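Take a look at the structure below.
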Amino acid sequence: SDSQPAKTYSREVLDFAVYLGMDPQKDADLLWIAEDCLNAELPPPWTEHTSSRGDIYFYNSETDESTVDHPLEGQYRQQFMAEKRKLLAEEEERACEAAEGE
């Protein structure tokens, strides 16, 4: 396998990856999706806030809704699932080719 040094991600990215349903060990190649989501601009009218307890939450000024769930979470979770399926399909293909080549 290609042994490139794995990029090291911050604890925040790793925690968010787990939140999105990733396994930071098994899904190391997909951690960029969690990082992208954390760095993404929030879609208006959403804004990010920190509660008095230090918890991060998101507020929608149009609907007066507050949530601890990242507004883009669903979108990035779907992207993760799609990328994971693609990787698994590629791995299966390589395994089949390897088996045929014997």
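The values are calculated or read from the model by the stated rules, or taken from the named source; none is laboratory data. Note that the structure is a prediction, hence the values are computed from the model and not measured. With ideal geometry, Cβ positions are generated from the backbone for all residues, glycine too; neighbour counts draw on all protein chains shown. Note: accessible area is taken over every heavy atom of the protein model, side chains too, but ligands, DNA and RNA are not part of it. Shrake-Rupley method; radii C 1.70, N 1.55, O 1.52, S 1.80 Å.
Give a quick list of trypsin sites (Lys or Arg not before Pro) in region 1-70 that DSSP marks as loop, anything other than H, G, I, E or B, with at most 14 other Cβ atoms within 10 Å. Mind dumping the intermediate values first?
Details: sites: K7, R11, K26, R53; in loops: K7, K26, R53.
Counting only loop positions with at most 14 other Cβ atoms within 10 Å, the trypsin sites (Lys or Arg not before Pro) in region 1-70 are K7, K26, R53.
Using a 10 Å cut-off on Cβ atoms, rank the peptides 79-92, 33-46 from the highest mean neighbour count down. Walk me through the intermediate numbers first.
Values: 79-92: 12.6, 33-46: 14.9.
The peptides rank, most packed first, as 33-46, 79-92.
Taking θ as phi - 60°, what are the ³J(HN,Hα) couplings along region 25-34 by the Karplus curve (6.51, -1.76, 1.60), each to the nearest whole Hz, with x for Gly and Pro?
So the Karplus estimates, Gly and Pro as x, are 6, 6, 9, 3, 5, 10, 4, 4, 5, 5 Hz.
How much length is gained if the chain between E12 and E102 is pulled fully straight, taking 0.36 nm per residue apart and subtracting their Cα-Cα distance, in nm to one decimal?
Result for the pair: 28.0 nm of gain on full extension.
Would you mind getting the accessible area per residue of the chain, heavy atoms of the protein chains only, 1.4 Å probe, in Å²?
That works out to 75 Å² per residue.
Which one of M81, A34, C96 has its Cα pushed farthest toward the positive end of the charge dipole of the chain, where Lys and Arg give +1 and Asp and Glu give -1 at the Cβ?
Looking along the dipole axis, the top candidate is A34.
Hey, if you put +1 on the Cβ of every Lys and Arg and -1 on every Asp and Glu Cβ in the chain, which of T50, S61, L20 ends up farthest toward the positive end of that dipole?
Value: T50.
In the Gaussian network model of the chain, springs joining C-alpha atoms below 10 Å, which of G74, G21, G54 carries the largest mean-square fluctuation?
Between G74, G21, G54, it is G54 that shows the largest mean-square fluctuation.
Taking 7 Å along the Cα-to-C-beta vector as the label spot, tell me the H49-W32 distance in nanometres, rounded to one decimal.
The answer from the label model is 3.5 nm.
Can you tell me the dipole magnitude for the chain around its Cα centre, using point charges on the Cβ only (Lys, Arg +1; Asp, Glu -1), in Debye to the nearest 20?
On the way: 9 positive and 24 negative charges, 60 e Å.
Here the size comes out at about 280 debye.
Over region 1-96, what relative contact order in percent results from Cα pairs under 8 Å that are six or more residues apart?
About 21 percent, as a whole number.
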